[in-house]
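To start, the structure itself, in structure tokens.
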Amino acid sequence: MAPRNDLEALARSRLPQVLAALFDLDSKEARVARATHEAYDLSAKVGGKAFILDVLGGSTPALLSHWQRVSSAARRQEIPVMVVPSMSRSGRDLSLAHGINWVDLAGNASIRAPGLQIRIEGQPNRYARTGRPASVFERRSSRLTRLLLQHPGREWTVRECAKESGLNEGHVSRIVSRLVAEEFLRKEGKRLRVAEPLNLLDAWRDAADFSKHRLLRGHVAARSGEELLALASRRLADAHLEHAATGLGAAWLYDRFAMFRLVSLYLREWPSPAQLEQLHFREEPNGANLWLVLPADDGVFDGARVVEGVTCVHPVQVYVDLKDQPERATEAADHLKQNPVLLGVGNGAS
């Protein structure tokens, strides 16, 4: 997490402009100051309204507990608001479910109070590296999240996490500290356990960016996505290329929800021209029906399993990857999420 003082200082400098814009005022007409109450960080006056503001590094499960504390401290005529660098999709859903007022430093907001209703969406995140650092969920560091979600009912020590994820123990300790602070993990003594697996899964998905992998888009002749998936997997095996399906094809094999045209396959190594020819692959970015993906980290293969003769990444990895897939990927992800036992994050799965 970014140093607390740095994050609060950034919020203080940015909030006058953000809050003033909500009321179509000049930033000079918004006053933001440090709070004198321990329950929140800042206070503000703008547009004839008084706000009390609590600053968080990310839109996480901690959002709810902080909101309960801040809203309880609000006096009459004071409007409690949570402030985050950028509000994630899962944070928006949590806020909607619990009536949490929030604003992010990009200028998005959802605030309800007597005589006041504000909702602004679509402002781009300018502070992607503020708050929860990318390293918690990206590249090699995501190995820890993936491991925890594959065994959500298990208790861990930092040493066990490091050993089984293949990460440095000091690195794991730093990530664990952040995940505990944001209430994704519960810690009792030296033992750790995932607090709410679906919350952690959604936070990982919010942070994921499939474009950070190396992609080769092309076409292989096939009558359907299902036929292409089986055909490509068989030909890759014949070419001695280790691979695993993800995205819509893997989602189909796991729960048979949505038919698909695009097949996405992770590869351990980049194919040679001869291997591409053996696959009958023709590079064709426009209208591609096959994505060959060299992952940013080989951890995507952790927990892979064979389903109907095709090696697929673990269902939690499929769910994360569906975020950046076309066709009916959003529906497929939502359907997959409705089956937490299949994902491995329900009923105390271990």
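The values are calculated or read from the model by the stated rules, or taken from the named source; none is laboratory data. Since the structure is predicted, the reported quantities are computational estimates derived from the model, not experimental observations. Virtual Cβ from ideal backbone geometry, glycine too; neighbours counted across all protein chains shown. For the accessible areas, the whole protein counts, side chains as well, though only heavy atoms, and no ligand, DNA or RNA atoms are used. Shrake-Rupley method; radii C 1.70, N 1.55, O 1.52, S 1.80 Å.
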Residue 324 fails exactly one of the following numbered conditions: (1) out of contact with any Asp or Glu (no Cβ under 9 Å at 6 or more places or on another chain); (2) touching a residue at least 12 places away in the same chain (Cβ under 8 Å); (3) open to solvent by 20 Å² or more (accessible area, probe 1.4 Å); (4) over 23 Å from residue 154 (Cβ atoms). What is the number of that condition? (1)
Determine which member of the set 95, 110, 65 is of a type in the set (S, T, N, Q), under 22 Å from residue 199 (Cα atoms) and modelled with pLDDT under 90. 65
Which one of 288, 258, 239 is touching a residue at least 40 places away in the same chain (Cβ under 8 Å), among the small types (Gly, Ala, Ser) and under 19 Å from residue 314 (Cα atoms)? 258
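So that you can scan it fast, the table gives a plain yes or no per residue for (1) closer than 20 Å to residue 303 by Cα; (2) buried (at least 16 other Cβ atoms within 10 Å of the Cβ):
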position	(1), (2)
163	yes, no
169	no, no
180	no, no
184	no, yes
204	yes, yes
207	no, yes
211	no, no
What about residue 308, is it more than 30 Å from residue 167 (Cβ to Cβ) and either open to solvent by 50 Å² or more (accessible area, probe 1.4 Å) or without any contact (Cβ under 8 Å) to a residue 12 or more places away in the chain (or both)? yes
Tell me, yes or no, whether segment 273-283 has at least one residue that is without any contact (Cβ under 8 Å) to a residue 60 or more places away in the chain, small (Gly, Ala, Ser) and open to solvent by 40 Å² or more (accessible area, probe 1.4 Å). yes
How about segment 163-275: which helices (runs of 4 or more DSSP H) wholly inside it have at least 3 residues that are touching a Pro at 6+ places or on another chain (Cβ under 9 Å), of a type in the set (A, V, I, L, M) and at pLDDT 95 or above? 247-255
Kindly indicate the residue of segment 34-50 that is touching a helix residue (DSSP H, G or I) at 6+ places or on another chain (Cβ under 8 Å) and under 27 Å from residue 62 (Cβ atoms) and also modelled with the lowest pLDDT among those meeting that condition. 37
Looking at (1) of a type outside the set (Gly, Ala, Ser); (2) loosely packed, with under 14 Cβ neighbours inside 10 Å; (3) not in a helix (DSSP H, G or I), which one does residue 96 not meet, given that it meets all the others? (3)
How many residues are touching a residue at least 24 places away in the same chain (Cβ under 8 Å) and of a type in the set (D, E, K, R) if we restrict to segment 150-190? 6
Across segment 145-160, what is the total count of residues that are more than 13 Å from residue 299 (Cβ to Cβ) and either in a helix (DSSP H, G or I) or not hydroxyl-bearing (Ser, Thr, Tyr) (or both)? 9
Given the criterion open to solvent by less than 20 Å² (accessible area, probe 1.4 Å) and touching a Cys at 6+ places or on another chain (Cβ under 6 Å), identify the matching residue among 258, 250. 250
Report, by residue number, each residue of segment 1-28 that is polar (S, T, N, Q) and either under 17 Å from residue 104 (Cβ atoms) or modelled with pLDDT of 90 or more (or both). 13, 17, 27
Under 6 Å between Cβ atoms, at least 6 apart or on separate chains: pull out the pairs that start in segment 10-23 with a residue that is over 12 Å from residue 120 (Cα atoms) and touching a residue at least 60 places away in the same chain (Cβ under 8 Å) and end on any residue that is β-branched (Val, Ile, Thr) and open to solvent by less than 40 Å² (accessible area, probe 1.4 Å). 11/55; 11/83; 15/32
Qualifying residue in segment 63-83 (condition: in contact (Cβ under 8 Å) with a residue 40 or more places away in the chain and within 15 Å of residue 206 (Cβ to Cβ)): no
